[in-house]
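All remarks here apply to the structure that follows.
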Amino acid sequence: MGNDANTQALNHPPARLTGAEIVWATLVGEGVTDVFGYPGGAILPVYDALRKFPIHHTLVRHEQGAAHMADGYSRASGKVGVAIATSGPGATNLVTGIATAMLDSIPIVCITGNVSSKVLGTDAFQEVDITGITLPVTKHNFLISRAEDIAPAIRYAFQIAKSARPGPVLVDITKDAQQATAIFDFEAAKPRPVRPHPMRKVEESGLAQAAELIKNANRPVILAGHGIIESGAMEQVCTLAERAQIPVALTLLGLGAFPASHPLNLGMMGMHGESWVNHAIQDADLLIACGMRFDDRVTGTVATYATNAKKIHIEVDPAEVNKIIKVDVPLIGDLREVLEALLPRISSRDGSAWLKTIDGLKGDSAVRDIKNLPDLGHLYAAHVIHDIWRITGGNAIVVTDVGQHQMWEAQYYHHERPRTLITSGGLGTMGFSLPAAIGAKFACPEKEVWVIVGDGGFQMTAGELATIVQEKIKINIAVINNGYLGMVRQWQEFFYEGNYESTPMVSPDFVKLADAHGIAGLTVRSRGEVAEAVNTARSAPGAFLLNFMVEGKESVYPMIPAGSALHEMIRRPGGKDPLEES
Amino acid sequence: MLHTFVAYVEDLPGVLTRVASLFRRLNINIHSLTVGRSEQAGLSRMTVVCEASAEAGHRIQASLYKLENVVDVDDIAQAPTVTRELALIKVAATPRTRSQVFELVEVFRARIVDLAPESLTIEMTGVESKIEGLIQVLNEGEGRILEICRSGKLTMRRGHHTSGVLKAMGAGADESAVEPAEEGAAVEQE
Ligand SMILES: Cc1ncc(C[n+]2csc(CCOP(=O)(O)OP(=O)(O)O)c2C)c(N)n1
Ligand SMILES: [Mg+2]
């Protein structure tokens, strides 16, 4: 940990600092307290200067982890996460993490070192064109070769990362720029005001039309997306839903934006959404899309998507409007601001008939009601997640990986509050969960953090177990160990005649692996042991790993095959629940 | 359909790549691209002509605006414009065969800008179809075309300029300059 050099730099007249010091001083000025990174030759001056500044640096085990930690930090807190890496391989290792943040609109700033400006472009040792490589997966990036440009670039990067639709920004700084000196003047380095996107506008007539559509709708549904959380519009969405009695369907990244226990909450929509949610959308006469982008995972075939519904799209990014689904009323702006302008025009409405119809559909559930199922000794992921939900009172931050366990988490862990589910939705990045959870824990040290991860994805970034130990943080890890790359196996079962090519996976003993890192763990084989194991993990003073040996060939139901209409779903074969077999 | 976008972009390294990359990402082929200084210091003007579906126009314009270095984008669409292209065409011609080329150049109101024993170079300015026409007749004639260098489409809306660039720049000092431009826009609506 550093001293107060930075605050001096901020409160005192502009001072001459090295580029490396300017990096930290600017980060401190932007309110950064934690960064995640990995050193190397081209970023060494920056690391050398760290001790003078009050910023905590977490040493990761792979730079992908640094980007995911910055991402998890941001998703948990709403603040900008920061990752640092050296040139060449350090920088390229960040790319998956940057793309993950890009696809889910997460504000992170990545700082990379690069070779000296004198040898830039000569294929110098560990030189890579990282601004070129990351151009399509960042909101913007900078190549900086002069010390005096560092502070303005980093401040500008923070502004870009946070503004409008958030996203990742990369600042690549040559080694000579880190070593040179310049006058550091935080105030003078302030970026010009954000240039608003000229196509981002909400017209009076649009608001009036939207209000009219809502007033006259018989079967309206709110489609609640991640934008609600990014914009901080939870209250406004809730007011709209309650006042006009409109049921709310959520996207995967929207989970938590509207309380799971709210009577108007229908649940998750899309590929693995409950049947009634998708049926309600297909039958709707009005869809009010709030901060969501009609991803192919939620629409099914576009041509058959909610064909009878008028569509209102409230969205901050003009490029998302009319991209996939033609909408009738686009309201392009910050969701909270738009809803605040819209709400005065909305009066209370009787929605009981439509809500009753949906309630009727609810009987037609393909997702098992775990609570009422008998315990037959089998261990199913659904049991595990349901128990974790019950025991944590739904209050934990759950960070998932990608695959079947991710969908089961979405189905069986009920999120009441925003930022309690952290998951890679857009890119679907396996290996995301463990590092993202570390970032989330740094953002919210007082919160209980659970990782729910598959046996496959866990092995992609398991090296970060050592980071957990080095940083002495408490995270609970639930490995849903089905012996398969389960989600791919499921597709092979449904669409490739059960040809399980390259999906059975041999794994190490995860409990021993944890032990080798100094993390305690337990293997759990039957349902009866789940609750106790979860409690053991929670009460353990340090990080804890639970290795849940679950059914190998269980599938996620219902499922809408890619390219099918939203109402054409695959149900559990025979309508019979395998939990009731044997 | 053929789309024409006029973009004002900051004159900085890498900006062309950012713009071009956007079209590449959408798998859209750029027919022609011209870049040069504009009337604003520090801003370049780009004219991008590309083939894309009618609906793509909105998305391309909206996406261009999301680029940090893009200040203003005009989707020219079907608006009335003044459009020109410049072509330099080098034709193989000996003193014996020159006169036929001279005639064509005369008819097309082009100019000979270089004359060498074995070749001559024609400069031609006009709309695309006129340049295509000259190339076609040259191909049909005796003189073989050796090289063609075309500028790509340069385009400007007719009448008052409607560019939002002054507004986009947003500088307080320029505020007064914005208004006449906006009035002009109203006059010019087709
Ligand atoms: C980095 C990466 N590679 C490949 C995939 C494709 N993929 C999606 S889900 C999945 C299987 C995940 O297996 P596991 O982690 O064991 O989770 P499970 O589905 O069994 O719960 C794969 C390979 C991916 N999403 N990310
Ligand atoms: Mg698995």
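A few remarks follow.
- Cα long-axis angle, helix A:381-391 against chain A (0 to 90 degrees, to the nearest 10): 70 degrees
- Gained length - A:ARG525 relative to A:LYS356, 0.36 nm times residue gap less alpha-carbon distance: 56.7 nm
- Per residue, the accessible area of the range B:27-73 comes to 45 Å², computed with a 1.4 Å probe over protein heavy atoms only.
- Computed from phi, the 3J(HN,Hα) profile of the range A:550-566 under the Karplus parametrisation 6.51, -1.76, 1.60 (θ = phi - 60°) reads 9, 3, x, 10, 6, 10, 8, 10, x, 9, 9, x, 3, x, 9, 6, 4 Hz, with x in place of Gly and Pro.
- Chain A shape via C-alpha gyration tensor axes, a/c threshold 1.5: oblate
- With R₀ set to 51 Å, the beta-carbon distance separating A:PHE495 from B:GLU123 gives a calculated FRET efficiency near 0.25.
- B:GLU55 paired with A:GLN245, simple spin-label distance in nm, labels 7 Å along Cα-to-beta-carbon: 3.5 nm
- Think of it as helices only: each DSSP H run of n ≥ 4 in chain A is worth -39500 (n - 2.57), and spread over all residues that comes to -11000 deg cm²/dmol at 222 nm.
- Taking all protein chains together, A:LYS326, A:LYS118, A:LYS52, A:LYS310 sort by accessible area into A:LYS118, A:LYS326, A:LYS310, A:LYS52, largest first [probe 1.4 Å].
- Ranking by accessible area, most exposed first, for A:GLU274, B:GLU140, B:GLU51 with a 1.4 Å probe: B:GLU140, B:GLU51, A:GLU274
- Whole-angstrom gap from the range B:15-55 to the range A:15-69, using each part's C-alpha centre: 37 Å
- Amide H partners (placed H, <5 Å) of A:ALA15, local residues excluded: A:PHE184
- Close amide H pairs (under 5 Å, H built 1.01 Å from N) link A:GLU448 with A:ILE397, residues at least 5 positions away or on another chain.
- B:ALA92-A:HIS56 pseudo-label distance in nm [points 7 Å out on the Cα-to-Cβ vector]: 7.7 nm
- For the range B:1-31, residues shielded by at least 40 square angstrom of accessible area compared with the chain on its own, probe 1.4 Å: B:ARG18
- Of A:LYS201/A:LYS323; A:LYS139/A:LYS190; A:LYS79/A:LYS323; A:LYS201/B:LYS66, pairs whose Cα-Cα distance is over 23 Å: A:LYS79/A:LYS323
- DSSP-defined antiparallel bridges as percent of all bridges, the range A:2-184, nearest 5: 15 percent
- Order of exposure, largest accessible area first, which applies to A:ASP176, A:ASP185, A:ASP317, A:ASP48 with probe 1.4 Å: A:ASP48, A:ASP185, A:ASP176, A:ASP317
- The simple Förster model, with R0 at 56 Å and r as the Cβ-Cβ distance, assigns A:GLN470 and B:ILE112 a FRET efficiency of 0.15.
- Inter-label distance, nm, simple model (7 Å from Cα along the C-beta direction), B:GLU39/A:SER347: 5.1 nm
- Of the solvent-accessible surface of the range A:318-467, computed with a 1.4 Å probe and all protein chains present, 50% belongs to carbon and sulfur.
- Computed with a 1.4 angstrom probe on protein heavy atoms, the B-A interface buries about 1600 square angstrom of accessible area in total.
- Amide hydrogen neighbours beyond the local backbone of A:TYR484, cut-off 5 Å, H modeled: A:MET505
- In chain A, the DSSP beta bridges split such that about 10 percent are antiparallel, to the nearest 5.
- Inter-centroid distance (Cα atoms) of the range A:302-319 relative to the range A:197-231, Å: 10 Å
- Treating r as the C-beta distance of A:GLU448 and A:THR33 and R0 as 22 Å, the FRET efficiency rounds to 0.55.
- Heavy-atom accessible surface of the range A:327-471, averaged per residue, reaches 34 Å², computed with a 1.4 Å probe.
- Qualifying GluC sites (Glu not before Pro) in the range A:379-484, DSSP loop, other Cβ atoms within 10 Å at most 12: A:GLU446
The values are calculated or read from the model by the stated rules, or taken from the named source; none is laboratory data. Given the structure is predicted, the values throughout are model-derived calculations rather than measurements. Because the Cβ atoms are built from the backbone with ideal geometry, glycine has one as well, and the counts that use them run over all protein chains shown. Note: accessible area is taken over every heavy atom of the protein model, side chains too, but ligands, DNA and RNA are not part of it. Shrake-Rupley method; radii C 1.70, N 1.55, O 1.52, S 1.80 Å.
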